[in-house]
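Below: one structure, written as structure tokens.
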Amino acid sequence: MRTDITVKIGGEAGQGIQTIGTLLAEVCHSAGLFTFSIDDFESRIRGGHSFNLLRISSEPVAAPGHIPHILVAIDQRTMTLNKATLPSESLVILNAESEDNISKNSDNNSNIDDSDDNTCSEEDIEGCTSSNILKVALNRLAKEAGGLITANTVAAGAIFAVLGTPFEMLEELLIRKFKAKGEKIINLNITAAKKGYEAAGNVRYHKQFNWKPSKTDRIVISGAKAAGLGALASDCRFFPFYPMSPATGVIASVVPYSGKLPIVVEQAEDEIAAVNMAIGASFAGVRSMTSTSGGGFCLMTEGLGIAAMTETPLVIVDSQRPGPATGLPTRTAQPDLLFVINASQDDFPRFVLAPGTPAETFESVKKAFYLSEKYQVPAIVMLDQFLATSQVTQQNFFKVDKDVERFIFNEDNLKESESNLSNDNIKSSDKTSAYEHYKRYVITEDGISPRALPCMGEIMVRATGNEHNEKGQISEDAANKVNMTNKRNSKLAAMKQEMALPETLYFKGSEREYSIISSDKQSSTDNQFFLTGWGSSKGPIVEACEILQEKGINIGCIIFKDIWPMNSDAVKSVLENKKFIMVEQNSNCQMGRLIAQETGINYHASILKIDGRPFYPQYIVEKALEIIG
């Protein structure tokens, strides 16, 4: 039987909220449990309100929990914001100033700290819907352990105690975590954790896990780190960037490898410089990637056009957040889809991919490099704050391919050309002429021209941001403009064939099946409702589907990952005769509009969320029931 517990740890920025969540997740992972962790924080260094929401389960989970079973209120505001919505069976760990515990944890009344104005009082508890409150004086115990800075470690100890975790598992993690900082720091944190653990006394949450050390082939990883690893696995060597939340973590994830792999990480002066550095390196043959968010992507649009005109491979990760302008820098949204597909002046081919999990992110970044280089077009991978920063248990399918395929007119091709030109019957002047006959942008049936690199052999490689002829020389000839535009667009037919169809989840009886719906399966799925989304909404949508099925609602879901260019006929075959409900985190149902534009099929209804907070399955369930009736 599945055991599923959500722990919510709330406090001010600077109180170590994320550290507690990380400790919990790592110990859970060492016990073979599954976790889904999100951090909610304001755009400030100190103060305000932040929380970590950690879902722990004995079985795989693909979405965060929403209602906490265990609430850890490190400050008053956490208690105030949550006390009216807690389930009656929930357990509250309170940073308290009073010795009276509603849920008796021990006879030891020394765990009281009445010196901190940020601790919770009896007034804060009034109206709490939970009858199980454990009061722990975190600051006092931290001072007794040797330093107020360890208050978060005290809290971690108390949480592990109520979860029934053997203290030895936490102690082992602390030793590993602080090994580099020396014995003194290790002992300080172990002492603090022990005090928190003992302060919980015999109080235990009524649901318990099987806490045994377990070796597993799973890992806990974020979407940002998965994107960075995907780039490294694609032999990306250059990472220019300008810091912008929530995209900074993508490039930050590769920094630890800079001394181990032949890579360069360069913080540019702005996003314009970053994208142009990436284009320049790619032009020279070095695989490059930059990352940004919507506002930074705005500045990169001219560079996007240069990459398109020069047919230079370019990979960009757009980690979305709410806008416009600065918007909500630390929140999540899906507002950039139509912008990314249409960015830069005029029209040109590009790839847009939107993975739904960290594992999919790893594969999508690899695919972006492959497709960008094969077709000599930009490729954009769309994440968002939710996917980029959430820490999720994933099966470790993160593998590096034995060979990374490159699409370059390389030295062997050049030597073969030179060999053909070395015939004694060819005069020297003719050889020079032959070298000059290389056409970087020669018109081909599929639009893809042989891409040589500068300074490889004697072939002249030309590039310009102006319209150009086949040799790369500036040309304002009218017929040439038509030919070059048609050449670039002729890549689209093959590009569409590279796009995977949306993943579809449908039900037959009580069994759940994942499948790509094709024409031969239409009869078994007609007239069902389908929750339809893209990117990071995948997990919440799938779980919402499961809950609705349990309620007797005949519903499935369709998730888009490979978005642009859209294979309209193939997508139409998936969606026609279906009542699909769009689930998106933007105000104008951008994916729904794109589907209608490309297939002529209109969505039945939409569930939109625009408050900067992630989708939770229960939210989708409630809105879907309102629509379906």
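The values are calculated or read from the model by the stated rules, or taken from the named source; none is laboratory data. Predicted model only: the values in this text are computed from it and were never measured. With ideal geometry, Cβ positions are generated from the backbone for all residues, glycine too; neighbour counts draw on all protein chains shown. With ligands, DNA and RNA removed, areas are computed over all heavy atoms of the protein, side chains included. Shrake-Rupley method; radii C 1.70, N 1.55, O 1.52, S 1.80 Å.
Criterion first (touching a His at 6+ places or on another chain (Cβ under 9 Å) and modelled with pLDDT under 95) does K578 satisfy it? Show your work before the answer.
Values: touching a His at 6+ places or on another chain (Cβ under 9 Å): yes; modelled with pLDDT under 95: yes.
Against the criterion (touching a His at 6+ places or on another chain (Cβ under 9 Å) and modelled with pLDDT under 95), K578 qualifies.
Going residue by residue through the stretch 388-396, is there one that turns out to be in contact with a Lys or Arg (Cβ under 8 Å, 6 or more places away or on another chain), assigned to a loop (DSSP other than H, G, I, E, B) and modelled with pLDDT under 95?
The initial filter retains those residues of the stretch 388-396 that are in contact with a Lys or Arg (Cβ under 8 Å, 6 or more places away or on another chain), namely 393-396.
Next, only the ones that are assigned to a loop (DSSP other than H, G, I, E, B) stay: 396.
Cutting the leftovers down to modelled with pLDDT under 95 gives us 396.
Yes, the stretch 388-396 contains at least one residue that is in contact with a Lys or Arg (Cβ under 8 Å, 6 or more places away or on another chain), assigned to a loop (DSSP other than H, G, I, E, B) and modelled with pLDDT under 95.
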(request) Working only within the stretch 181-221, note down all residues that are under 27 Å from the mean Cα position of the chain (by Cα), open to solvent by 40 Å² or more (accessible area, probe 1.4 Å) and of a type in the set (A, V, I, L, M). (result) I219, V220
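Being outside any strand (DSSP E or B), more than 21 Å from L173 (Cα to Cα) and over 18 Å from the mean Cα position of the chain (by Cα) is the requirement here; does S43 meet it?
yes
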(message) Suppose we filter the stretch 254-277 for residues that are in contact with a strand residue (DSSP E or B) (Cβ under 7 Å, 6 or more places away or on another chain) and more than 17 Å from F351 (Cα to Cα); how many remain?
(response) 12
(message) Looking at the stretch 465-498 only, could you name the residues that are over 35 Å from the mean Cα position of the chain (by Cα) and under 24 Å from G285 (Cα atoms)?
(response) N466, E467, H468, N469, E470, K471, G472, Q473, I474, M484
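Just to be sure, is K431 modelled with pLDDT of 65 or more, open to solvent by 40 Å² or more (accessible area, probe 1.4 Å) and among the basic types (K, R)? Show your work before the answer.
Details: modelled with pLDDT of 65 or more: no; open to solvent by 40 Å² or more (accessible area, probe 1.4 Å): yes; among the basic types (K, R): yes.
Answer is no for this residue.
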(request) Among residues belonging to the stretch 59-68 that are surrounded by fewer than 17 Cβ atoms within 10 Å (Cβ to Cβ) and not charged (D, E, K, R), point out the one that is nearest to the chain's Cα centre (by Cα). (result) P60
(request) Determine which single condition A224 fails, assuming it passes every other condition in (1) open to solvent by less than 20 Å² (accessible area, probe 1.4 Å); (2) touching a Gly at 6+ places or on another chain (Cβ under 8 Å); (3) under 30 Å from V365 (Cα atoms); (4) not in a helix (DSSP H, G or I). (result) (4)
(request) Among the numbered conditions (1) within 15 Å of N586 (Cβ to Cβ); (2) free of Cβ contacts under 8 Å to residues at least 24 places away in the same chain, tell me where L338 comes up short. (result) (2)
(request) From the list L54, L71, pick out the single residue that is surrounded by 23 or more Cβ atoms within 10 Å (Cβ to Cβ), within 29 Å of the chain's Cα centre (by Cα) and closer than 16 Å to G539 by Cβ. (result) L54
(message) Looking at (1) within 25 Å of the chain's Cα centre (by Cα); (2) at positive phi, which one does F615 not meet, given that it meets all the others?
(response) (2)
(message) Can you confirm whether G472 is farther than 18 Å from T444 by Cβ and small (G, A, S)?
(response) no
(message) Residues that are modelled with pLDDT of 90 or more and in contact with a strand residue (DSSP E or B) (Cβ under 7 Å, 6 or more places away or on another chain): list the helices (runs of 4 or more DSSP H) wholly contained in the stretch 88-207 that include at least 3 such residues.
(response) 151-163
(request) Within the stretch 322-341, count every residue that is of a type outside the set (A, V, I, L, M) and closer than 16 Å to S536 by Cβ. (result) 7
(request) Among the residues of the stretch 24-51, write down those that are of a type outside the set (V, I, T), open to solvent by less than 40 Å² (accessible area, probe 1.4 Å) and over 20 Å from K207 (Cα atoms). (result) D39, D40, G47, G48, H49, S50, F51
(request) Take the stretch 616-629 and flag every residue that is touching a strand residue (DSSP E or B) at 6+ places or on another chain (Cβ under 7 Å) and surrounded by 19 or more Cβ atoms within 10 Å (Cβ to Cβ). (result) I620, K623, A624
(request) Check R462, R451 and return the single one that is open to solvent by 50 Å² or more (accessible area, probe 1.4 Å) and modelled with pLDDT of 90 or more. (result) R462
(request) Considering only the stretch 610-629, state which residues are at pLDDT below 95 and either among the acidic types (D, E) or within 19 Å of C589 (Cβ to Cβ) (or both). (result) I628
(request) Give the stretch 304-360 a look and list any residue that's closer than 26 Å to D446 by Cα and either of a type in the set (G, A, S) or not assigned by TED's automatic domain parsing to the domain that holds A273 (or both), or say none. (result) G305, A307, A308, A343, S344, A354
